[in-house]
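Below: the structure, in structure tokens.
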Amino acid sequence: MNYIRITKENIDKEHICCAMSGKQSVEKKEWLRQRFDDGLVFYRSEERGKCFIEYIPAENAWVPIEADGYLYIDCLWVSGSMKGHGYSNDLLEACIRDAKAQGKKGICILCAEGRKREFLADPKFLAYKGFRVADISDCGINLMYLSIEPTAQMPKFRECAKHPAIEDNGFVLYYTDQCPYTYYWVPRVQEVAKEHGIPFKAIHITDKESAQNVPAPVTTYALFRDGQFLTQSIQSDKKFLALAGLQN
């Protein structure tokens, strides 16, 4: 498999992922375009499909972690017909090579404690590749890391991410534009919440500083209910109604 690196120079003529609609692809490209100057790297398979990796210097990551000198993987996604061919290994190895070439301390990424959760990395795969748990959030989301510099300090969550909680009642959603699916589903969830009289507030995170202080380990999509972290899984309108107890 050959891989293409998406850059400022070629982003307008390259597709990102065949799973995205036209508008979603435009949103994702704009997200990438604005992050390239912060050191973001995006590789995708030359073959069309759900197969890519996105990573950035951890100091510029839109997550509440303390990981100076590390690379942070925003997303490592291989699914559908692309699974089972070693592409995850290829993409991760590209990130490791970059980290070594840049003199980084290591690489870090989010996953769920003990199992694979939607939109998070697979902890079993990461452990197999040599990653270890650096820190654990109260909501069961882990920060895992692969050390390149053996004596380097481990990355960790900021307190707001380690102990996710807010004071608001009802549903509160923190989200960014990093994942293009929020562009499609957040307005639909807002609409059905309004239709059914469900208290719902969406907080759109639009800058790095705010993202690094979100009261949850995940910032692409962090849904709270009555002050407690509920899920990082992007909700469709039907899933949200079921979560609210209004639909089977």
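Averaging Cα coordinates gives a centre for the stretch 18-84 and one for the stretch 160-222; these two points are 20 Å apart. The Rg/Rh ratio of the stretch 111-157, with Rg taken over Cα atoms and Rh as the Kirkwood radius over Cα pairs, comes to 0.97. Legend: distances between Cα atoms for Lys8/Lys116; Lys162/Lys238; Lys124/Lys162; pairs beyond 28 Å are Lys8/Lys116; Lys162/Lys238. Size descriptors for the chain (Cα atoms only): Rg and Dmax, in that order, 17.8, 55 Å.
What percent of all Cα-Cα pairs in the stretch 147-248 falls in each 10 Å bin, counting up from 0? The calculated distribution, bin by bin, is 15, 44, 27, 9, 4, 1.
Here the chain has 45 percent of its accessible surface on carbon and sulfur atoms, given a 1.4 Å probe and all protein chains in place.
Over the Cα atoms of the stretch 11-115, the radius of gyration divided by the Kirkwood radius equals 0.96; this is the Rg/Rh ratio. Rounded to the nearest 500, the 222 nm mean residue ellipticity of the chain from helices alone is -7500 deg cm²/dmol, with -39,500 (n - 2.57) taken per DSSP H run of at least 4 residues. Accessible surface calculations at 1.4 Å, restricted to protein heavy atoms, place the stretch 25-93 at 38 Å² per residue.
Taking the Cα of Glu191, stepping 7 Å toward and past its beta carbon, and measuring to each backbone N in the stretch 228-248: which are under 15 Å? Within reach of a label on Glu191: 236-241. In this label model, Asn2 and Ala165 are separated by 5.5 nm, measuring between points 7 Å along each Cα→Cβ vector. Ranking Ile141, Gly80, Leu246 by how far each Cα lies toward the positive end of the dipole of the chain (charges on Cβ) leaves Gly80 at the top. In this structure the stretch 120-248 gives 49 Å² per residue of accessible area when probed at 1.4 Å with all protein chains present.
Over the stretch 192-248, the hull volume per residue, using the convex hull of the C-alpha atoms, is 88 Å³. When each of the peptides 80-87, 55-62 is scored by the mean number of other C-beta atoms lying within 10 Å of its residues, the order from highest to lowest reads 55-62, 80-87. Against the chain, whose longest principal axis is taken from its Cα atoms, helix 22-35 shows a tilt of about 60°.
The values are calculated or read from the model by the stated rules, or taken from the named source; none is laboratory data. Quantities reported herein were computed from a predicted structural model and do not represent experimental measurements. Here the Cβ is made from the backbone with ideal geometry for all residues, glycine too, and neighbour counts use every protein chain on show. Remember, those area values only see protein heavy atoms, side chains included, never the ligands or the DNA or RNA. Shrake-Rupley method; radii C 1.70, N 1.55, O 1.52, S 1.80 Å.
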